[in-house]
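Asker: Sharing a structure with you now.
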Amino acid sequence: MMRQAGERTFLILKTAMLMACAAGLSAMPATARQIIGGNDASADNWPGIASLQSIQGSALFHECGATMISENWALTAAHCVEAARVDSAGRAVQYIPDADGNLVRFGPLILVIGNSDLRRVAAGSVFPVNRIEVHPDYQAGRPEAGSDIALLRISGHWQGPVSTLQAIPGADEEESEFHVAGYGNREEESKGERAVSRSGRHLSAPSMRLAEGRVPPVSGASCKAQIENLIREYGLEESLADVTVNTASQICAGDGFIDSCQGDSGGPLVRYGRTGQPVQVGIVSWGLGCGRVESPGIYTRISAFADWIGTIIDQPAGPELP
């Protein structure tokens, strides 16, 4: 998925712009969220970490991050799939807007799960997506308004580890630091990387390597003040007048040195519990720039949507789609 065009282009979503480049659309002046200032990571330390990719011909395009939360279901950001549709054959397909704003079919969606390097994909880690559930309160094109969360069901069964979700409200507010991971840009204006996968497909991603970084929490009051200050500083009072932070359903994190960026949307924000195991508390959503001073990243707070997640994934699966 892409960031919006027009007046709201400075508001940074953390999806990859590769589809826009492939479609001949212009890139935005500021980018969305890979891990700025982070380090290479091992997928073994990020249970269920996934790359949401679209297929066009012989080419693959990383669009967003995601995490498997069961053998059939993955969690991502709603803005990553707001234009996607499931076709008559039971395949989730990504669409992109053309110059007139009409949605044009781009290609099927897949999840590539549990890989530290997208050029070296392990057997049994690639699955088609056959169902998309976007939170009913999400407003298309407005992830900053909240409820930026979606569930993806895969064809087949993931046999590897899955992410443990934070279900109890409040427990995620006492942390001294969070950790975030993804395949996104390592610099705000990075142009991305291209490679040929082992299967012979041409692969494009902001970064082929999974990266991770520590991001300190930012209080709700401080986060709101920083976002409001940045809007004034950038002269965006008119176009972003309605942008705010809802601390009941969003988490702020990042001090301007380590940050998520474009291509990290939908990926995990975690804390480490007493057992030393990661617990996912958030989903990469949006921000104003990448790694900028006093410009925190905004993450969907998972505990605020625990009931909705349970309702969807506990539904009968129905017949397996091809």
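No lab work stands behind these numbers, since they all come straight from the coordinates. The shown structure was predicted, so the numbers you read here are calculated from the model rather than taken from an experiment. Here the Cβ is made from the backbone with ideal geometry for all residues, glycine too, and neighbour counts use every protein chain on show.
Asker: Roughly what percent of Cα-Cα pairs across the range 104-144 reach past 17 Å? Working shown, then result.
Answerer: Details: 455 of 820 pairs.
Here the tail beyond 17 Å accounts for 55 percent of pairs.
Asker: If you take the square roots of the eigenvalues of the alpha-carbon gyration tensor of the range 107-231 and sort them as a ≥ b ≥ c, do you get rounded (a/c under 1.5), prolate (a/b over b/c) or oblate? Each step should come with its number before you reach the end.
Answerer: Numbers: a/c = 1.76, a/b = 1.48, b/c = 1.19.
Judged from the Cα gyration tensor, the range 107-231 comes out prolate (a/c at least 1.5, a/b above b/c).
Asker: Report ³J(HN,Hα) in whole Hz for each residue of the range 39-48, in order, from the Karplus equation J = 6.51 cos²θ - 1.76 cosθ + 1.60 where θ = phi - 60°; Gly and Pro get x.
Answerer: 10, 4, 10, 9, 4, 4, 8, 10, x, x
Asker: Ratio to report: Rg/Rh of the range 40-84, with Cα atoms as the point set and Rh obtained by the Kirkwood method; give two decimals. Write down the numbers at each step before the final one.
Answerer: Numbers: Rg = 12.0 Å, Rh = 11.8 Å.
Rg/Rh for the range 40-84 comes to 1.01.
Asker: Just how large is the dipole of the range 42-135 about the Cα centre, in debye to the nearest 20, putting +1 at every Lys and Arg Cβ and -1 at every Asp and Glu Cβ? Don't jump to the answer; show the numbers that get you there.
Answerer: Numbers: 6 positive and 9 negative charges, 44 e Å.
Value, rounded to 20: 200 debye.
Asker: Within the range 112-185, which trypsin sites (Lys or Arg not before Pro) sit in a loop by DSSP and count at most 12 neighbouring Cβ atoms inside 10 Å? Display every interim value, and only then the final one.
Answerer: On the way: sites: R119, R120, R131, R153; in loops: R119, R120.
Those satisfying the criteria are R120.
Asker: When you have a sec, figure out the Kirkwood radius of the range 242-309 from all distinct Cα pair distances and drop it here in Å to one decimal? Show your work: numbers first, answer last.
Answerer: Details: mean 1/r = 0.0790 Å⁻¹.
Here the Kirkwood hydrodynamic radius works out to 12.7 Å.
Asker: Determine ³J(HN,Hα), in whole Hz, for all residues of the range 235-242 in sequence, where each value follows from phi through the Karplus function 6.51 cos²θ - 1.76 cosθ + 1.60 and θ = phi - 60°; x replaces Gly and Pro.
Answerer: Calculated HN-Hα couplings, in order: x, 10, 4, 6, 6, 10, 4, 9 Hz.
Asker: Hey, another quick one. Hey, how many Å between the Cα centroid of the range 76-110 and the Cα centroid of the range 248-322?
Answerer: 22 Å
Asker: State whether the range 178-322 is rounded, prolate or oblate according to the following rule on the C-alpha gyration tensor (a ≥ b ≥ c being the square roots of its eigenvalues): a/c under 1.5 gives rounded; otherwise a/b larger than b/c gives prolate, and the remaining case gives oblate. If you can, show how the numbers build up before the last one.
Answerer: Numbers: a/c = 1.67, a/b = 1.19, b/c = 1.41.
Since a/c reaches 1.5 but b/c is at least a/b, the shape of the range 178-322 is classed as oblate.
Asker: Once you order the gyration tensor axes a ≥ b ≥ c over the Cα atoms, which shape class does the range 43-202 get: rounded for a/c under 1.5, otherwise prolate or oblate by comparing a/b with b/c? Display every interim value, and only then the final one.
Answerer: Working: a/c = 1.37, a/b = 1.14, b/c = 1.21.
Note, shape of the range 43-202 comes out rounded.
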